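Engineer: Here it is: the structure, laid out below.
The values are calculated or read from the model by the stated rules, or taken from the named source; none is laboratory data. All of these numbers come straight from a predicted model, not from anything done at the bench. Here the Cβ positions follow ideal geometry from the backbone for every residue, glycine too, while neighbour counts run over all protein chains shown. Heavy atoms of the whole protein, side chains included, go into the accessibility calculation; ligands, DNA and RNA do not. Shrake-Rupley method; radii C 1.70, N 1.55, O 1.52, S 1.80 Å.
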Amino acid sequence: MTKKMTRREMLVFSSAATAATLMEHGARAVTNAEYIPRFQLPLRVPSILQPVHTDVDRDYYEVSQREAQVSILPGKLTTIWGYDGLFPGPTIKAKRDRSVVIRYTNQLTVPTAVHLHGGSTAPEFDGFPMDVMLPGESQTYLYENKRCAATLWYHDHAMGHTARNIYQGLAGLYLIEDDIESALCLPSGSSDIPLIIQDRIISDDGSLRYVAGLGNQTGVRGNALLVNGQPWPKLEVATRKYRFRILNASNSTPYRLALSSGQSFIQVATDGGLLPAPVSCSEISLAMAERVEVVIDFSIYPLGTRIFLQNLNGRGPLAEIMRFEVVNQEQDDSIMPLRLAPFEPLDERAAVRTRTFVFASSLSLGVPPLHWTINGKKFSPDHPIVEPHLGDVEIWHFINHNPKMLGVFAMLHPVHVHLVNFQILTRNGGPPKPFESGWKDTVALEKGEEVRVIMKFENYRGCYLIHCHNLEHEDHSMMARFDVIERLVNPA
Ligand code: C2O
Ligand code: CU
Ligand code: CU
């Protein structure tokens, strides 16, 4: 009985969504879209943004947020909203403890805000969703980069607009480098390649479709998988090791990565930077906003070998993401070290308290009928849900509540905390998954799961966010403000 209702509910969702898609324009967007080429377009790597000015301790950048026409389908133009008109945005390279100043100008017709995901950023520059740039306005953000080397990303965070803004293109990479990393001789230069995975609905005229309607609260599912803004690209590789920085920048689609050859990934980093030691993983789950860095050694293959980066969650064309093709012999100077970066596990006994956060849904008769909540509450920008003290270590216990009657409204919630990186202590009472050791800023909770993480509040006081990184959940209130406050001095 519950199952039947579930299926019917799902149908209502998807048919409302499809109808909305088809009615909006005359163009066609189909699931098995033969008009989208697969494994033909060469992978593009986003360009590196050049500073407009540098001085002793800062690099200054200027970025516009604007509409542009880009090529996604061959011979067609697609309207996107991009940082500097690019899809994805240009990559920003920063160094640990050297500040970056970015002046953003909003040349779009919607409000925007920029968040540096994974950054330890002062609250006034963290992209709080109410702190928006209206069309025509500019804002300057200061990033002090007080953290170790890692693959971060910057993306939109405007209240109620985040999902659409990111879908249209407002996301890019932000790489922090440090001396520990550069001393390692990991594959670098042209063999250090970012892979930004995003699914999109692309119609036969090349236009991007953002599905509105009820589906808006649960998420968007694409009919095409894009890497660095191109559908199902191919990458020609040499017989050597490559480092891939993989980011799931999709609105609401989790991936499960594997190589079609059966070769394991050598994981070297996670959201928060290098692991203490490489970890061999035959598959890696990557929920929205998570990053993983892996080394793949193509020297084991004969020339001409084709290997697919697979998505074990996907069916049909969505079961593959891109293709590698081994095309030439090359000398490899990079080494795979046995140890990567120093790592100190946070001690549970150092935690001054444990706080519980329940991620759930709530239904009402209003419009929209479905809301996503944290501890039963919708996002309230004026009220902090918790107030940890600066300098404290805390354990946060995340629960994805899976209600018996409304099981259809239980979904994956990738929980993200601003300002801090955390370590996962336990997942459902057991150890974390093999690919989620080290430092993280986002953790995936499947329905019914619970995870305990530990973190220390450092660097800044002020107002920050915890939220689900399913962007449609985030926009429909699965977000909470927390304030880091000064510890009160006991007068007695
Ligand atoms: Cu990547 Cu608050 O987000
Ligand atoms: Cu963040
Ligand atoms: Cu969610």
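Engineer: How many residues are more than 15 Å from the chain's Cα centre (by Cα), open to solvent by 10 Å² or more (accessible area, probe 1.4 Å) and not β-branched (V, I, T) if we restrict to region 169-190?
Structural biologist: First, the residues of region 169-190 that are more than 15 Å from the chain's Cα centre (by Cα): 176-190.
Narrowing further to those that are open to solvent by 10 Å² or more (accessible area, probe 1.4 Å): 177-186, 188-190.
Narrowing the set further to residues that are not β-branched (V, I, T) leaves 177-179, 181-186, 188-190.
Residues in region 169-190 being more than 15 Å from the chain's Cα centre (by Cα), open to solvent by 10 Å² or more (accessible area, probe 1.4 Å) and not β-branched (V, I, T): 12 in total.
Engineer: Starting from region 447-459, keep only residues that are more than 17 Å from I374 (Cβ to Cβ), then list their pairs with residues that are of a type in the set (S, T, N, Q) whose Cβ atoms are within a distance under 6 Å, requiring at least 6 positions of separation or different chains.
Structural biologist: I454/Q423; N459/S120
Engineer: Would you say E446 is under 23 Å from A249 (Cα atoms) and away from ligand 1 (no atom under 16 Å from the Cβ)? Explain how you work it out, then say what you get.
Structural biologist: Values: under 23 Å from A249 (Cα atoms): yes; away from ligand 1 (no atom under 16 Å from the Cβ): yes.
It is true that E446 is under 23 Å from A249 (Cα atoms) and away from ligand 1 (no atom under 16 Å from the Cβ).
Engineer: Kindly indicate which of V420, V415 is open to solvent by less than 20 Å² (accessible area, probe 1.4 Å), in a loop (DSSP other than H, G, I, E, B) and within 16 Å of ligand 1 (Cβ to nearest atom). Walk me through how you get there before you give the answer.
Structural biologist: On the way: V415 fails: in a loop (DSSP other than H, G, I, E, B).
After ruling out the rest, the residue left standing is V420.
Engineer: Here is a check on your reading of the model: is Q310 farther than 20 Å from P194 by Cα, in contact (Cβ under 8 Å) with a residue 40 or more places away in the chain and among the polar types (S, T, N, Q)?
Structural biologist: Details: farther than 20 Å from P194 by Cα: no; in contact (Cβ under 8 Å) with a residue 40 or more places away in the chain: yes; among the polar types (S, T, N, Q): yes.
Criteria not met by Q310.
Engineer: Restricting the first residue to region 114-130 and requiring it to be free of Cβ contacts under 8 Å to residues at least 12 places away in the same chain, which pairs with a second residue that is near ligand 1 (Cβ under 10 Å from one of its atoms) and not in a helix (DSSP H, G or I) meet a Cβ separation below 7 Å and a spacing of at least six or different chains?
Structural biologist: From region 114-130, no pairs qualify.
Engineer: Sticking with this structure for a sec: Of the residues that make up region 452-460, is at least one outside any loop (DSSP other than H, G, I, E, B), closer than 20 Å to D126 by Cα and open to solvent by less than 40 Å² (accessible area, probe 1.4 Å)?
Structural biologist: Checking region 452-460: at least one residue is outside any loop (DSSP other than H, G, I, E, B), closer than 20 Å to D126 by Cα and open to solvent by less than 40 Å² (accessible area, probe 1.4 Å).
Engineer: Same structure, new question: Could you list, in sequence order, all residues of region 192-205 that are surrounded by fewer than 21 Cβ atoms within 10 Å (Cβ to Cβ) and of a type outside the set (A, V, I, L, M)?
Structural biologist: Passing the criteria: D192, D204, D205.
Engineer: D483 is checked against (1) on the phi < 0 side of the Ramachandran plot; (2) in contact with a Phe, Trp or Tyr (Cβ under 9 Å, 6 or more places away or on another chain); (3) buried (at least 18 other Cβ atoms within 10 Å of the Cβ) and fails just one. What number does that condition carry?
Structural biologist: Of the numbered conditions (1) on the phi < 0 side of the Ramachandran plot; (2) in contact with a Phe, Trp or Tyr (Cβ under 9 Å, 6 or more places away or on another chain); (3) buried (at least 18 other Cβ atoms within 10 Å of the Cβ), the odd one out for D483 is (3).
Engineer: Further, regarding this structure: When region 315-337 is examined, which residues are found to be farther than 19 Å from S299 by Cα, modelled with pLDDT of 95 or more and surrounded by fewer than 14 Cβ atoms within 10 Å (Cβ to Cβ)?
Structural biologist: Correct list: empty.
Engineer: Let me ask something additional. Taking region 357-382 on its own, how many of its residues are under 27 Å from D392 (Cβ atoms) and in contact with an Asp or Glu (Cβ under 9 Å, 6 or more places away or on another chain)?
Structural biologist: Count: 1.
Engineer: Scan region 138-162 residue by residue and report those that are under 15 Å from E472 (Cα atoms) and either open to solvent by 40 Å² or more (accessible area, probe 1.4 Å) or outside any loop (DSSP other than H, G, I, E, B) (or both).
Structural biologist: Selection gives H155, D156, M159, G160, H161, T162.
Engineer: Against the conditions (1) surrounded by fewer than 24 Cβ atoms within 10 Å (Cβ to Cβ); (2) more than 20 Å from H416 (Cβ to Cβ), where does F87 fall short? Just the number, please.
Structural biologist: (1)
Engineer: (1) part of a loop (DSSP other than H, G, I, E, B); (2) within 27 Å of Q217 (Cβ to Cβ): which one isn't true of R256, the others all being true?
Structural biologist: Among (1) part of a loop (DSSP other than H, G, I, E, B); (2) within 27 Å of Q217 (Cβ to Cβ), the lone unmet condition for R256 is (1).
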